[in-house]
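> If you scroll down you'll find the structure; I have some questions about it.
Just so it is clear, none of the values below were taken in a lab; they were calculated from the coordinates. Since this is a predicted model, take the numbers as computed values, not measurements. All Cβ positions, glycine included, derive from the backbone under ideal geometry; neighbour counts span all protein chains shown.
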Amino acid sequence: MEALMVDRVHGSLRLFMHRNAVFLCERLCAQFPAETNVQLLATCYLHNNQPYAAYHILKGKKLPESRYLFAMSCFRMNLLREAEEALSPVNEPNIEVPSGATGHYLLGVIYRYTGRVEAAAEQFVQALTLDPLLWAAYEELCILGVAEDANECFSEATALRLQQELTSTSNVEKSNFVNENRFLSSNVSASFGDSPKQIKQLHANTTAEVSGYPHVKSTALHMQNGAPSNLSQFDTPSPTSTQPSGIAPPPLFRNMHAYQNTAGGNAPSKPKVNAPNLTLRRKYIDEAGLKKVSGRLFNQSSDSVPRRSARLSRDTTINSNSNISQFGGNGTDHSSGNRYHVVDEMWTDNVTSTSSSTSIVDGRYPEQEKSERVLSQDSKLAIGIRELMALLQTLGEGYRLSCLFKCQEALEVYRKLPEAQFNTGWVLCQVGKTYFELVNYLEADHFFELAHRLSPCTLEGMDIYSTVLYHLNEEMRLSYLAQDLVSIDRLSPQAWCAVGNCFALRKDHETALKNFQRAVQLDSRVAYAHTLCGHEYSALEDYENSIKLYRSALQVDERHYNAWYGLGVVYLRQEKFEFAEHHFRRAFQINPCSSVLMCYLGMALHALKRNEEALEMMEKAIFADKKNPLPKYQKALILLGLQKYPDALDELERLKEIAPHESSMYALMGKIYKQLNILDKAVFCFGIALDLKPPAADVAIIKSAMEKVHLPDELMDDDDDDDEI
């Protein structure tokens, strides 16, 4: 009963019948309250999204598997301290982490979320050491920014070690399987006078070695000591028309006794069955069915059962004839010699039909064939492992470089992927993110759109895609994306981030904030959702809550540079320039290739009157992205503060080539011409700035500057500090 219930529970889990699995497993634990059954029940609860129930039944358990399941339950409930205690007890420092690589991975994630980066990295490295194919551990190392080169992690040495582990595991399993079969076949009774229980045990053994054919495995249908094999099929087919001789026979003998009569030259007159009408029954049947037919199979007279000497004499006759029609109840077989046709799920690929008339085929002994077959399998395994390692090297290196924000290098690596791998949702999203970090929103849009088209149900990265559409002012497409994501999974944070970006694009910051808060509520471990909430609070000038949300994002991911940038912007607006410079520098250290971060760091340095450092940072920002107009404009502002008016005008002229319709640029040019006392050009530039429809706040400043063009410089000094265009 216990074994049957365990099997049914596993079957329900395998078929995603989680409620059924929970019900059956609760009955199992009530009847057989062993800890292994409790573990199975906890697994059912976790599959059924009931971590609290698994937590309750596993609390206090000491077996390694119970500790791992308890830790997973705690992690799902955000009880990180209890989860850590279960995996690595403080009072037992030498105890092993349960579940091997996955246990170390879970412990590493817990360390990461509690701010212990070095300890987390150690656990992820340990997990990869135990299981080189645990991609999630390498992914976490990349997110932490401490991953080693993918060529080192997925190296040839790793492939060789993995091959050795898989080969040794396979050999042990096969050895155990053969030993079990040999032991069972040696205990098979010599006659059919056994009880139905013994016959059932015999029938459960699916394979046994055929005498004289060490490389061929026969099912338990072929009895030892001359017993006829009637156990293969327990159904009696209805008589039909004679089967045409051109149809090959089924692989199993339906009636061994009939086969022996045929071998002796006396073919039975029982009609044959057409192969299309034959339904092969399962080898395993229930005990009731076995008892039902046991009388028909085993209550035969002694005369109907051939003796061992008679079987041997008939075998001699069979071996002397090369073309004897073998009758198995299902058709004819024109194979030569005493050949066993066997269906065996585990050995089908390794069985080779071999004539019994000779022990040498093509000059090779069976042992030699077996060794060559093993070598061929090992060679295929080695080739497969090397191909997989090469793929992981490319994917891993591309992901590692993108996490280090070495975007151009990452793109070059991703382009090396085969077309079939490149045109997948995950890879295309990674390429889109890389272009997003390069502030190339058009290319990012192209790859994200392609990814969404190829894999419409992939939600990872769609929050970034919605931000790309936000920056491109694609209101209609952004609205369609948001509705599509909500229809796919309304409980995903990515869907609500897209909805929030829709309202943010419409300047409805309060509604946008509610949607971003909904995303945080659905998954508090999505750092980007916290950051988007912070942006909306900042737009509403609620800087206190904005700072809280940015810090929450950093608690989830310390390397989330967007949150560091957001804090810097808040402190810059509050004129806390030292704090702003600190946070911008932290963001710049994480992403040293961002032109935007360089520019804002330069702005903070300029506010601190460190103009030379500010100019140097602006030069770096311009060099990093020549199409970004912001650093050019800020450089002109710094040059204006240093009273280097011609240099400032030259920079603005270069900016005009990139952004010819920027009103703030013409307003700044008008201000410089006023300082140079070129009043007509100053008025002309102020007029163009007004014609370009600047924001309402800038309109008043530009008009005020335009009205004061003809005033003396002494009267302008007080206004210059207040009016920044």
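> Quickly rank 394-407, 466-479 as a protection proxy: mean count of other C-beta atoms within 10 Å, highest first. Each step should come with its number before you reach the end.
Details: 394-407: 21.9, 466-479: 17.9.
Answer by packing, highest mean first, reads 394-407, 466-479.
> Now for a separate question. Efficiency by 1/(1 + (r/R0)^6): what FRET value for K507 and S487, r their Cβ-Cβ distance, R0 = 22 Å, to the nearest 0.05? Show your work: numbers first, answer last.
Working: r = 26 Å, r/R0 = 1.16.
Once the sixth-power term is evaluated, E becomes 0.30.
> With bins 5 Å wide starting at 0, give me the P(r) of the range 1-166 over every alpha carbon pair, in whole percents.
Percent of Cα pairs in each bin: 2, 9, 16, 16, 16, 15, 12, 9, 4, 1, 0.
> Under a point spin-label approximation (7 Å from Cα along Cα-to-Cβ), what is the E156-E96 distance to one decimal in nm?
It is 3.2 nm.
> Determine the relative contact order of the range 661-714: mean sequence separation of Cα pairs under 8 Å and six or more apart, normalised by residue count, in whole percent.
37
> Could you give each residue of the range 118-125 its phi-based ³J(HN,Hα) in whole Hz, using Karplus coefficients 6.51, -1.76, 1.60 with θ = phi - 60°, and x for Gly or Pro?
For the range 118-125, the Karplus-derived couplings read 5, 5, 5, 4, 4, 5, 5, 5 Hz, x marking Gly and Pro.
> Related question: Principal axis lengths of the range 533-673 from Cα atoms, whole Å, largest first?
Computed over the Cα atoms, the extents are 47, 29, 27 Å.
> Given a Förster radius of 56 Å and the C-beta distance between V709 and M77 as r, what FRET efficiency does 1/(1 + (r/R0)^6) yield to the nearest 0.05?
Working: r = 67 Å, r/R0 = 1.20.
With a Förster radius of 56 Å, E is 0.25.
> Just the C-alpha atoms of the range 607-660: what Rg/Rh do they give, with Rh taken as the Kirkwood radius?
On the way: Rg = 10.5 Å, Rh = 11.1 Å.
My calculation of the ratio gives 0.95.
> Take the alpha carbon atoms of the range 454-506, find their center, do the same for the range 88-149, and report the distance between the two centers in whole angstrom.
That distance is 33 Å.
> On a full-extension model of 0.36 nm per residue, what is the gain between D647 and M476, subtracting their alpha-carbon distance, rounded to one decimal in nm?
On the way: separation 171, 0.36 × 171 = 61.56 nm, distance 4.25 nm.
That pair, D647 and M476, stretches by 57.3 nm at full extension.
> Right, another one. Measuring from label point to label point, each 7 Å out along Cα→Cβ, what is the E619 to E148 span in nm?
4.0
> Determine one quarter of the surface area of the Cα convex hull of the range 661-714, which equals its mean projected area, and express it in nm² to one decimal. Show your work: numbers first, answer last.
Numbers: hull surface 13.2 nm².
Result: 3.3 nm².
> For the range 433-546, count the residues as N, evaluate 2.2 N^0.38 Å, and divide the Cα radius of gyration by that value, please. All intermediate terms of the calculation are to be shown ahead of the outcome.
Working: Rg = 13.2 Å, N = 114, 2.2 N^0.38 = 13.3 Å.
Here the answer is 0.99, to two decimals.
> Spelling out what I want: for every residue of the range 146-153, take phi, set θ = phi - 60°, compute 6.51 cos²θ - 1.76 cosθ + 1.60 (Karplus), and round to whole Hz; glycine and proline get x.
Going residue by residue, I get 10, 6, 6, 3, 4, 5, 7, 5 Hz, with x marking Gly and Pro.
> Distance between Cα centroids, the range 645-709 to the range 517-582: provide it in whole Å.
So the separation of the two Cα centres works out to 33 Å.
> Whole Å is fine, so just give me how far the alpha carbon centre of the range 13-32 lies from that of the range 48-67.
After rounding, the separation between the Cα centres reads 15 Å.
> Any chance you could tell me what percent of the C-alpha pair distances in the range 498-537 go past 12 Å? Spell out each step's value before the answer.
Numbers: 364 of 780 pairs.
It works out to 47 percent of all Cα pairs.
> With labels modelled as points extended 7 Å from the Cα through the Cβ direction, what inter-label distance (nm, one decimal) is found for F422 paired with A659?
Label at F422, label at A659, 3.4 nm between them.
> Cut-off 11 Å, label point 7 angstrom out along Cα-to-Cβ of S455: give me the residues of the range 399-425 whose amide nitrogen falls inside.
In the range 399-425, the label zone of S455 (backbone N under 11 Å from the point 7 Å along Cα→Cβ) covers 421-425.
> Here's a follow-up. Fully extended, how many nm does the chain gain between L442 and Q521 (0.36 nm per residue separation, minus their Cα-Cα distance)?
Result: 25.3 nm gained on full extension.
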